[in-house]
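A short reminder: the numbers here are calculations on the coordinates, not readings from a lab. Worth saying up front: this structure is predicted, and the values here are computed from it rather than measured. As a convention, Cβ positions derive from the backbone with ideal geometry for all residues, glycine included, and neighbour counts pool all protein chains shown.
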Amino acid sequence: MLILTIRSDKPDAEIGLYNDGDQLGYEIWEAHRALAETIHTKIEALLVAHNQTLQGLGGVVVFRGPGSFTGLRIGLTVANALVDSLQLPITASAGDDWIKSGIERLLAGQNDRVAVPEYGALPNITAPRK
């Protein structure tokens, strides 16, 4: 199964491409405030570099947090949109072995259906100015 992994909880975003548990490619880039502008092109470039397409994906594993409110929101939205549009399974994992555990869950037939972020704290939302 061809699996895309996404981690977006910190300024350096990460995506990976795996065939079952074997890593085909992995990229880390300084996305910070440009994550929404760069994540789609980075995913496409990773797939093209390995002669793959979005339609060839069998599932998505995403890091659920804790981490940056905006980063997690963007990464998980991209992941959820991909799995919804392509009718793929998704698993959301945390911890140091998030990729391994997420892939194992996918290969075991598990599907979270929707990945929900875990921020680790309430977001710091400022009050509107009058």
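Observations on the model:
- Residues whose amide H falls under 5 Å from that of L24, counting only those 5 or more places apart or on a different chain, are L17, Y18, N19, with hydrogens built in the peptide plane.
- Overall form of the chain: prolate. Here a/c, set by the Cα gyration tensor axes a ≥ b ≥ c, is 1.5 or more, and a/b is the larger of a/b and b/c.
- Relative contact order for the chain: 26 percent, from Cα pairs under 8 Å spaced at least 6 residues apart, divided by residue count.
- Taking the longest Cα principal axis of the chain as reference, the axis of helix 35-49 is set at about 10 degrees.
- Note on A49/K130: beta-carbon distance plugged into 1/(1 + (r/R0)^6) with R0 of 35 Å gives a FRET efficiency of 0.10.
- Modelled spin labels at E30 and D96, positioned 7 Å past Cα toward Cβ, are 2.7 nm from each other.
- Order of Y119, Y18 under a 10 Å beta carbon neighbour criterion, fewest first: Y119, Y18
- Counting only DSSP beta bridges whose two residues both lie in the chain, roughly 65 percent are antiparallel.
- Net charge over other residues, Cβ less than 15 angstrom from the Cβ of N19 (K, R count +1; D, E count -1): -2
- Rounded if a/c under 1.5, otherwise prolate or oblate - the stretch 75-130, Cα gyration tensor axes: oblate
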